[in-house]
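Just below is one structure, and these are the notes that go with it.
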Amino acid sequence: MAEQMMVETDLIIDDEQWLELNELTGGAAATCYQCGVCTAICPWGEVRDGTVSVRTMMRQAQLGLLDCSEELWLCATCAQCEMYCPRGVNIVDVIRGLRYLVWQQRQTPKGLPSLLWSIHWNSNPWTQPPSLRSAWAKDLNIPIFDPVQHEILLYVGCTASYEQRAQQVARAVARLLNAAEISFGFLGDDEPCCGEAALSVGHKPYFWEIANNTTRCFREKGVSHLVTVSPHCFDVFVNHYPAFMGQNSFVAQHYPQYLAQLLREGRLRLDGSVTRQFTFHDPCYLSRHNGELDAPRQILQTIPGLKLVEMAHAGIDALCCGGGGGRMWLETEPGQRFADSRIQEALETGAEVIATACPFCIACLEDSIKAQRVPELTVMDVSEIAALAHDT
Ligand code: SF4
Ligand code: SF4
């Protein structure tokens, strides 16, 4: 039986938990030597009195200590800390593992269990009916994917299927694929959830179940190449599905990668001029998690007249918008929103538009623009800018 004791700070030491955490994370915390660089670099230190002690979380993981406090759920999984960790610790994965232990204690923040129940009942985390999944495309005549006829599957994802602002991104991507005369289809109301929301809040076993079902669905439908609207779906397909199930039976790209490839091949042309000044906000799940800095910039730089200026923090050093790691489903107090700092950085460049390539980033940045009353700045997805250039 596991040895268990309660200490004054409500930290629980449990051998079984320690073993489980090691199994869930492959012992990722073991090499941490407690230098504290992660704590110093974490953006929470910029917006909150008192940093989030990432170093302490790593220590707790090494010892099998469980802390059910709020701090664990603040992490936006931005991976900024991982970029600078001298020991190469997979900090985000350790945090996800610690979160799973909290799930087992049934002490997760309010709202998160219903997120998982929504995926279970509705196949999306947004508590929306599955029968409305393809409503965003009803006037676009996008065919249901057929592996014989179609070069690619457009994987829309839950957020771009249901959230009104993100639906515009899905529509822009579809327009560009049509403009390039790509034969493509989607899965309509049968599109399965990728499971990223479950992974982000640390419920790895449920994520694995979803990933298993989604992989089976793709295999049955003959999917060999898919293009995602969100970098979060892309990230789980390329980094987490193979880790769990071995090599994927399909290739996944995030849409800017595919569009940049079409531009290089001369299959897509963006000739219309867009004479405005833009800055690009790198989504964490495209840049730090996947090292893709070029594709969205290549698309923007192809557009005649478009001026691109970089923010003080760009590429792998870009500030996080705060929407990852399940934070989209948790309340963040005004004054503590990462996106506010990003809006200020964007303003300093003199840009009129923040371009980005992630539905979560759009939501966080637009909320911040409204809250800070910065009407001189707008947010556009790279696909919307490219569609504008194509149509002009
Ligand atoms: S930066 Fe890396 S080695 Fe240093 S405390 Fe954080 S996880 Fe440990
Ligand atoms: S992933 Fe980002 S938010 Fe999470 S601990 Fe690291 S730096 Fe902080």
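Laboratory data are not the source of any read-out in this text; all were calculated from the coordinates shown. Note that the structure is a prediction, hence the values are computed from the model and not measured. Ideal geometry is used to build each Cβ from the backbone, glycine not excepted, and the neighbour counts take in all protein chains shown.
In the chain, excluding the sites themselves, the longest stretch lacking any of the GluC sites (Glu not before Pro) that are in a DSSP loop with at most 12 other Cβ atoms within 10 Å is 71-180.
Taking trypsin sites (Lys or Arg not before Pro) across region 332-384, the ones in a DSSP loop with at most 11 further Cβ atoms lying within 10 angstrom of their Cβ are Arg373.
Loop-located trypsin sites (Lys or Arg not before Pro) across region 232-331 with a Cβ neighbour count of 14 or fewer within 10 Å are Arg267, Arg269, with loop assigned by DSSP. The angle between the Cα long axis of helix 382-391 and the main principal axis of the chain comes to about 0°, on a 0 to 90 degree scale. For the pair Met83 and Gln105, a Förster radius of 41 Å applied to the C-beta separation gives a FRET efficiency near 0.85, rounded to the nearest 0.05.
With Cα atoms as the point set, region 222-269 shows a radius of gyration and Dmax of 12.1, 39 Å. For the pair Gln149 and Tyr33, a Förster radius of 56 Å applied to the C-beta separation gives a FRET efficiency near 0.50, rounded to the nearest 0.05.
Only lysines eight or more places from Lys138 in sequence, or on another chain, were considered; those with a Cα closer than 28 Å are Lys221.
Every pair of different Cα atoms in region 4-104 enters the Kirkwood calculation, which places the hydrodynamic radius at 13.6 Å.
One decimal place: the segment Leu308-Glu333 gains 5.8 nm when fully extended, by the rule 0.36 nm per residue minus the C-alpha distance.
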